[in-house]
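The values are calculated or read from the model by the stated rules, or taken from the named source; none is laboratory data. Every value quoted in this text rests on a predicted model; they were computed, and no experiment measured them. No Cβ is skipped: glycine too gets one built from the backbone with ideal geometry, and neighbour counts run over all protein chains shown.
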Amino acid sequence: MFSVKGPTLKTADGKTVATAGRCVLKIDLNGNVGPFEFLVLPECSHQMILGWGFFRTTDAVIDCGNEEIQFADLLAEDTETSESECSLFAATDYVIEANAMKQICTLIPTINNSKKALITGNKYLLCGEEICMPATLLEVEQGTCKLWNASYSQQPQLIPKGMNIGTLTNLEENTICSLNDVNPVKGIKNHQSRKRNTREKLQKLLDAELTPDEKEYFLHLLEDFGAIFDFNRTSKNHGNTTVKHKINTGDSLPIKHRPYRVSAAERAVIETEVQKMLKEDVIKSTESPWSFPVVLVKNKNGEWRFCVDYRRLNKVTKKDVYTLPRIDDALDCLAGARVFSMMDLKSGYSQVELDGKDREKTAFVTPDGLFEFKVMPFGLCNAPATFERMMDSVLRGLKWNICLCYLDDIIVFAPNFQEHQVRLRKFLTCIQEAGLSLNSSKCCCGKKKLLISGHLVDEHGIYPDPEKVAAVEKFPIPQNIADVRSFLGISSYYRRFIKNFANIARPLQKLLKKDAKFA
């Protein structure tokens with residue numbers, strides 16, 4: 001019996017039992033003999049109890065159905081090694097104290113001398129005894145070598161004489177290279193270059209009015225989440241949320257719509273957009289019985305926007321009544337905030353997966369064939385409701401408390417800079433866990449003044465956007481009922497800032513009555 005005191009054990013009924021010491025026994029399993037360490041108890045109802053350490057060391061498989069235990073071949077590594085490999089054995093008993101290192105002498109019976117050899121530790125030693133022997137390159141003299149072993153156990157560990165502690169592999173001289181033979185790793189420089197480029201791009205997200213220290217704080221925070229921004233992305237990022245868009249058309253039969261006539265220039269645009277979406281894994285070719293025409297709409301910047309005319313599909317779709325946030329509620333929530341960050345999802349709808357059975361309903365026809373969407377496209381009547389539902393699930397517990405979300409536009413707000421750092425990290429963590437990506441060109445952090453839905457918000461309060469007010473002031477004098485409705489619509493948007501708005505607008509309301517006369 002080994003004299004080192006063993007640990008105190010706790011039995012199944014909660015009682016503690018002090019061990020008398022430790023011992024090493026040679027166990028014969030399937031004809032393979034190996035040394036194992038056991039704890040010695042003063043009294044025990046069984047001659048031997050095997051624990052999880054023993055099972056892990058032997059790769060045991062417990063078959064409860066057949067009431068059997070299968071053990072790995074303990075000496076399989078020895079019997080299957082090549083001529084250039086051999087096992088290492090402890091020369092005598094060694095004790096390694098808890099969380100300590102010790103150099104031990106090992107015996108190599110089959111090798112007398114070796115110029116260079118690679119030593120690797122026994123995996124069972126680390127698994128069962130929590131002892132690690134790092135891989136080492138050394139020379140063997142007179143069949144022995146000295147190796148450092150480290151114990152990660154909280155108790156002293158015994159390496160008994162004759163224990164297999166590792167494997168020695170003879171190395172040819174031409175297989176060993178020195179540091180001078182190793183070429184510099186370009187990957188490190190490339191990584192540093194990418195990190196520097198990412199930092200430069202993140203700097204563009206910071207508000208210009210931030211102090212140098214505040215900018216540095218933001219950069220450290222944003223660098224932890226650099227992967228969720230759209231830097232150097234070549235494909236659309238599909239989120240991993242549980243929300244999927246469904247198109248409930250009831251018993252409606254498939255709708256087939258002929259394509260609209262397009263010019264040669266428009267056909268080239270459609271072909272380019274289709275190839276782009278195929279590359280981004282947004283669409284795929286289909287044999288769907290549904291088909292809808294493509295419509296190209298010019299943006300303000302003169303670029304074409306690819307759209308599909310889903311009006312007939314929307315007519316037979318059961319409507320989703322999931323509501324969007326009210327603007328006035330959102331503005332009230334910002335009261336008292338002094339620091340803001342604007343966040344925008346990259347191609348927000350494309351980050352919502354389309355339910356598999358409803359994908360065929362989004363099929364659109366082009367000169368190059370029929371395609372269907374794999375993600376939620378624009379133009380569907382229930383798309384805004386689905387997107388808001390997804391964002392509410394992603395930001396559950398954060399919305400209204402630390403951030404506002406209106407479709408793909410998100411505002412993180414806080415009463416001070418320190419609190420804003422905490423809130424922004426929480427928000428970015430949720431976006432990261434949901435697998436969503438942000439549009440860096442529309443994100444801005446640390447703003448002191450915010451423009452939201454025609455309103456300016458800062459630490460002093462909420463004001464109407466001066467540009468919108470100027471548009472109301474320059475509105476031409478209404479000449480008919482349609483003009484009156486337009487003016488009342490644009491002016492009533494700011495009625496919260498106009499005292500007695502209803503009384504002031506009453507004369508104009510009378511002009512909406514039938515047979516009203518205009519002067």
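The strands (runs of 3 or more DSSP E) found wholly in the range 312-393 and carrying at least 3 residues that are within 20 Å of Ile431 (Cα to Cα) and in contact with a Lys or Arg (Cβ under 8 Å, 6 or more places away or on another chain) occupy 339-344.
Looking at Phe229, Phe218, just one residue is touching a Leu at 6+ places or on another chain (Cβ under 8 Å) and over 24 Å from Phe373 (Cα atoms), and that residue is Phe218.
Of all residues assigned to the range 33-42, at least one qualifies as being at pLDDT below 75 and closer than 25 Å to Thr11 by Cα.
Within the option set Thr106, Thr92, being closer than 18 Å to Pro160 by Cβ, part of a loop (DSSP other than H, G, I, E, B), at pLDDT 75 or above and touching a strand residue (DSSP E or B) at 6+ places or on another chain (Cβ under 8 Å) holds for one residue only, Thr92.
Answer yes or no: is there a residue in the range 232-239 that is at pLDDT 75 or above, in a loop (DSSP other than H, G, I, E, B) and either surrounded by 10 or more Cβ atoms within 10 Å (Cβ to Cβ) or of a type in the set (Val, Ile, Thr) (or both). Within the range 232-239, not a single residue is at pLDDT 75 or above, in a loop (DSSP other than H, G, I, E, B) and either surrounded by 10 or more Cβ atoms within 10 Å (Cβ to Cβ) or of a type in the set (Val, Ile, Thr) (or both).
The residues listed here are Val294, Val269, Val262, Val243; of these, the one that is under 33 Å from the mean Cα position of the chain (by Cα) and crowded, with 16+ Cβ neighbours inside 10 Å is Val243.
Mind listing whichever residues of the range 333-359 are under 21 Å from the mean Cα position of the chain (by Cα) and of a type outside the set (Ser, Thr, Tyr)? Across the range 333-359, the qualifying residues are Met342, Met343, Asp344, Leu345, Lys346, Gly348, Gln351, Val352, Glu353, Leu354. Taken over the range 112-135, residues that are surrounded by 15 or more Cβ atoms within 10 Å (Cβ to Cβ) and either at pLDDT 80 or above or more than 16 Å from Glu37 (Cα to Cα) (or both) amount to 9.
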